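S.K.: Quick one: structure below, then a few questions.
The values are calculated or read from the model by the stated rules, or taken from the named source; none is laboratory data. In this text the structure is predicted, and so the values were computed from the model without any measurement. Quick reminder, even Gly has a Cβ in these numbers, built from the backbone with ideal geometry, and neighbours come from all protein chains shown. We work out accessible area using only protein heavy atoms, side chains counted, and drop any ligands, DNA or RNA first. Shrake-Rupley method; radii C 1.70, N 1.55, O 1.52, S 1.80 Å.
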Amino acid sequence: MLNIALPKGRLGEKVYGMFAAAGFECPALLENSRKLIFDNEKAGVRYFWVKPSDVAIYVERGAADIGVAGKDILLEYRPEVYELLDLGVGKCRMAVAAPEGFRDTPDRTLRVATKFSRIARDFYTARGRDIDIIHLNGSIEIAPILGLSDVIVDIVETGTTLRENHLEVIETIVPISARLIANKSGFKFKTEAIERLTAALDKGGKQE
Ligand code: PRP
């Protein structure tokens, strides 16, 4: 049985469609219920719906053999997993944003609000810029409006949230998309099934 952790939500449903097209279907998964675990013995798969930011934890600790996680989570938490494939979905970017018209004063410590402290720190360390990280858990866009921070480091997809809060992207840090990840020892024991799935996704299901 291949244990697969999928991110609960719209992205997860899209990804399941790709897995089903690759021959790993489990139709019960799309039933409108509150169940979180589904299996299809015939296809040899068991799926779990988990919180998107938790997928890498399930996979790293072996509760799932494979899963789908955003590159943002992989860069921020650096889980010990194999990254097998860029699925080409869930595309967005990690960016620095600030109130419209913001000008940086390089000799002052820059206050950066973010959920992605490590990504922000790595980015500014590489430029030798002094920063003060303000770690928040959501609604990051409010921080510079209320004077809590100078800039934010956050995910930008359509740009609507920034626009509606009079913020703008100053710089893109890295493009983000959903990745297929695998547990390191699970990969050893279930190599054939995982490689078959990866190849099928790469060939057919993967979105460009
Ligand atoms: C993300 C991000 C932004 C928003 C960007 O939040 O933190 O707030 O999406 O999308 P947009 O450019 O299309 O407006 P998400 O909805 O993932 O939830 P969060 O508040 O938990 O970060």
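S.K.: Among the lysines, which fall within straight-line cross-link reach of Lys190, defined as a Cα-Cα distance under 22 Å, with same-chain neighbours fewer than 8 residues apart omitted?
M.R.: Qualifying lysines at Cα under 22 Å: Lys42, Lys203, Lys206.
S.K.: Continuing with the same structure: Evaluate the relative contact order of segment 86-203 (contact order divided by residue number), counting alpha-carbon pairs under 8 angstrom at least 6 apart; express in whole percent.
M.R.: So the answer I get is 41 percent.
S.K.: Right, something else. Which lysines have a Cα less than 20 Å from the Cα of Lys115, not counting those fewer than 8 places away in the same chain?
M.R.: Lys8, Lys51, Lys71, Lys91
S.K.: May I ask for the net charge around Ala193, where only other residues with Cβ less than 13 Å from the Cβ of Ala193 are counted and Lys, Arg are +1 while Asp, Glu are -1?
M.R.: With Lys, Arg at +1 and Asp, Glu at -1, the net is +1.
S.K.: Which residues in segment 1-16 have a backbone N closer than 12 Å to a point placed 7 Å from the Cα of Leu30 along the Cα-to-Cβ line?
M.R.: 13-16
S.K.: A follow-up question, please. Can you give the relative contact order of the chain as a percent, counting alpha carbon pairs under 8 Å and 6+ residues apart?
M.R.: The value is 29 percent.
S.K.: Rounded to the nearest 0.05, what FRET efficiency do Ala199 and Asp130 give with R0 = 30 Å and r taken as the Cβ-Cβ distance? Could you check?
M.R.: With R0 = 30 Å, the Cβ-Cβ based efficiency is 0.05.
S.K.: Okay, moving on. Based on the mean of other beta carbon atoms within 10 Å per residue, what is the order of 159-169, 108-118, most packed first?
M.R.: Descending mean neighbour count gives 108-118, 159-169.
S.K.: Can you order the peptides 119-126, 146-153, 186-193, 34-41 by their average number of other Cβ atoms within 10 Å per residue, highest first?
M.R.: Packing proxy ranking, top to bottom: 146-153, 119-126, 186-193, 34-41.
S.K.: Would you mind getting the accessible area per residue of the chain, heavy atoms of the protein chains only, 1.4 Å probe, in Å²?
M.R.: 54 Å²
S.K.: How do Tyr47, Tyr58 stack up against each other in accessible area, from largest to smallest, with a 1.4 angstrom probe?
M.R.: Largest to smallest exposure gives the sequence Tyr58, Tyr47.
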